[in-house]
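> One structure is given below, represented as structure tokens, and several questions about it will come after.
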């Protein structure tokens, strides 16, 4: 449910006054500033498109987990030790770097949620713009497989979330 229409002049001293629709003799829709009761008109351009300004993402993500794998043999799918969520959280990004090109499968509770392959950059990033929700006890792991015959490779995993 929305806020009541502002009363002029006491409720509009830090915002716009009530706006009236020119042909309907009725009030127009107003928005409020976050955290205040100050009202603002919604702006439209001449084609009646709503003007919006998307603010910076305010999430506070941090490194939740990191791990390293060393001397991984070629053509051998190898899983990083799983990160176990200590509480309900959201995973926003999983970064992987390695010393060779590889295939990666990101898994949450043993279900694959993303697959990527590196090329010359030697690293990949799995991103979840809105966050991938995990519950208490859910596991996040990554399976890596490289294909450099007769060589061993090293890999690093970083899980970011909030």
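The values are calculated or read from the model by the stated rules, or taken from the named source; none is laboratory data. Source: prediction; values computed, not measured. Every residue, glycine among them, receives a Cβ derived from its backbone with ideal geometry; neighbour counts consider all protein chains shown.
> Any residue that is part of a strand (DSSP E or B), in contact (Cβ under 8 Å) with a residue 12 or more places away in the chain and exposed (fewer than 11 other Cβ atoms within 10 Å of the Cβ) - is there at least one of those in the range 92-110? Lay out the reasoning, then the answer.
We begin by selecting, within the range 92-110, every residue part of a strand (DSSP E or B); these are 92-98, 102-108.
With in contact (Cβ under 8 Å) with a residue 12 or more places away in the chain added as a condition, the list becomes 92-98, 102-108.
With the extra rule that they be exposed (fewer than 11 other Cβ atoms within 10 Å of the Cβ), the set shrinks to none.
Scanning the range 92-110 turns up no residue that is part of a strand (DSSP E or B), in contact (Cβ under 8 Å) with a residue 12 or more places away in the chain and exposed (fewer than 11 other Cβ atoms within 10 Å of the Cβ).
> Let me ask another. Can you report the number of residues in the range 49-74 which are outside any strand (DSSP E or B), at pLDDT 75 or above and surrounded by 10 or more Cβ atoms within 10 Å (Cβ to Cβ)?
Counting residues in the range 49-74 that are outside any strand (DSSP E or B), at pLDDT 75 or above and surrounded by 10 or more Cβ atoms within 10 Å (Cβ to Cβ) gives 2.
> Please tell me if residue 87 is assigned to a loop (DSSP other than H, G, I, E, B) and surrounded by fewer than 16 Cβ atoms within 10 Å (Cβ to Cβ). Walk me through it before giving the result.
Numbers: assigned to a loop (DSSP other than H, G, I, E, B): yes; surrounded by fewer than 16 Cβ atoms within 10 Å (Cβ to Cβ): yes.
For residue 87, the condition - assigned to a loop (DSSP other than H, G, I, E, B) and surrounded by fewer than 16 Cβ atoms within 10 Å (Cβ to Cβ) - is met.
> Now for a different question. Return yes when residue 154 is under 20 Å from the mean Cα position of the chain (by Cα) and modelled with pLDDT under 95 and no when it is not.
On the way: under 20 Å from the mean Cα position of the chain (by Cα): no; modelled with pLDDT under 95: yes.
When the stated conditions are applied, residue 154 does not pass them.
> Something else: Exactly one of these conditions fails for residue 120: (1) part of a strand (DSSP E or B); (2) farther than 20 Å from residue 68 by Cβ. Give me its number.
That leaves (1) as the condition not met.
> Same structure, new question: Only residues that are closer than 15 Å to residue 79 by Cβ and free of Cβ contacts under 8 Å to residues at least 40 places away in the same chain: list them for the range 129-162, please.
None - no residue of the range 129-162 is closer than 15 Å to residue 79 by Cβ and free of Cβ contacts under 8 Å to residues at least 40 places away in the same chain, so the list stays empty.
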